[in-house]
Amino acid sequence: MKLTKSPSKFTATLLCALVSFLAGMTSKASAEVHFTAGLDQTIPSGPHPIGEPPPPPLVLHAGAGFFTLSSNHLAFYLSLEDVEWQILIRKPWGQEIPIAICPMYELVSIPLPDPEVPQEAIVTVRLGCKPSGVLDLSESDITELLAGLWYVEARFVGPYIPSNLPSLVFGGYILPDDSDADGVPDFRDACGNTPAGAIINIEGCSIQQLSPCAGPWRNHAQYVKHVVRVTVSFLRAGLITPAAARTLMREAASSKCGRRRKRC
């Protein structure tokens with residue numbers, strides 16, 4: 001009988017890491033990605049006295065759009081001012097995807113208040129402008145969308161211009177949600193709830209988030225070693241200065257993180 005050699009410990013570890021990596025990539029690809037777009041228009045400020053800074057521009061808001069990408073399906077829901085709109089998505093290179101024409105109407109039958117002559121009247125009920133639907137995307141569409149290159153636009157097509165909407169076109173880029181406003185979208189953010197103003201790496205993590213004082217450290221030395229390794233990675237990436245790196249290392253060495261409490 002022929003005996004087969006069992007895989008080495010290194011091979012088994014490598015296979016395990018490969019399986020974990022593929023599983024992580026699959027779960028990340030299948031996760032939902034949420035986007036938001038503001039339908040706005042910016043009106044430049046008028047003339048101002050020489051030597052004084054110009055007043056801030058006026059930003060008019062007509063509504064907002066909310067999008068969810070799941071696999072290759074993009075679900076959308078928009079809510080706009082109740083006037084006549086033609087809504088579309090503008091892709092790079094001038095391509096356009098029509099979404100809806102608003103507002104929407106519905107014919108409704110209502111009984112007339114005459115008990116002797118029962119009859120009904122057909123009235124038109126205005127439903128407002130809250131279109132929704134689902135778009136099927138190609139791989140190149142998804143790449144453009146995740147890169148923030150898609151733009152949703154609402155064009156006024158009614159017979160008159162409302163006083164609160166003096167412009168004819170409103171729009172905004174469809175951008176991935178960034179819950180903690182650290183500049184890294186949620187679908188790529190490995191560390192949520194980043195404190196405001198914290199220096200982060202490409203994955204959206206600060207040094208403090210990657211080296212929490214209350215982490216599962218075996219001892220103080222392990223904590224300090226980890227802080228040094230993370231700090232050096234930030235320094236090499238040009239995210240912090242050498243002086244800031246030295247300060248962080250000194251603070252870690254003098255901290256009580258990872259120190260075990262003495263038993264009485």
| query | A196 is checked against (1) surrounded by fewer than 18 Cβ atoms within 10 Å (Cβ to Cβ); (2) not in a loop (DSSP other than H, G, I, E, B) and fails just one. What number does that condition carry? | reply | (2)
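On the basis of being in a strand (DSSP E or B), under 20 Å from the mean Cα position of the chain (by Cα), surrounded by fewer than 16 Cβ atoms within 10 Å (Cβ to Cβ) and at pLDDT 90 or above, does A75 make the cut? First the steps, then the outcome.
Details: in a strand (DSSP E or B): yes; under 20 Å from the mean Cα position of the chain (by Cα): yes; surrounded by fewer than 16 Cβ atoms within 10 Å (Cβ to Cβ): yes; at pLDDT 90 or above: yes.
Considered against the rule, which asks whether it is in a strand (DSSP E or B), under 20 Å from the mean Cα position of the chain (by Cα), surrounded by fewer than 16 Cβ atoms within 10 Å (Cβ to Cβ) and at pLDDT 90 or above, A75 comes out as yes.
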| note | Reported set for region 48-66 where residues are part of a strand (DSSP E or B) and farther than 24 Å from L168 by Cβ is none
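Going by the conditions given, is I122 β-branched (V, I, T) and at pLDDT 65 or above?
On the way: β-branched (V, I, T): yes; at pLDDT 65 or above: no.
So I122 fails the test.
The rows are residues; the columns are (1) modelled with pLDDT of 95 or more; (2) among the charged types (D, E, K, R).
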| residue | (1), (2) |
| --- | --- |
| D178 | yes, yes |
| G192 | no, no |
| A237 | yes, no |
| A245 | yes, no |
| R259 | no, yes |
| C264 | no, no |
| When G197 is evaluated against the numbered criteria (1) at positive phi; (2) at pLDDT 95 or above, which criterion, by number, is the only one it fails? | (2)
| message | Restricting to region 208-264, give me the number of residues that are surrounded by 13 or more Cβ atoms within 10 Å (Cβ to Cβ), assigned to a loop (DSSP other than H, G, I, E, B) and aliphatic (A, V, I, L, M). | response | 2
| task | Kindly list the number of the only condition in (1) at pLDDT below 85; (2) surrounded by 11 or more Cβ atoms within 10 Å (Cβ to Cβ) that fails for I50. | result | (2)
| field | Output for region 90-109, where each listed residue is at pLDDT 85 or above, over 15 Å from T143 (Cα atoms) and assigned to a strand (DSSP E or B) | value | E96, I97, P98, I99, A100, I101, C102
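The values are calculated or read from the model by the stated rules, or taken from the named source; none is laboratory data. Computed from a predicted structure; not experimentally measured. Cβ sites come from the backbone with ideal geometry, for glycine too, and all protein chains shown count toward neighbours.
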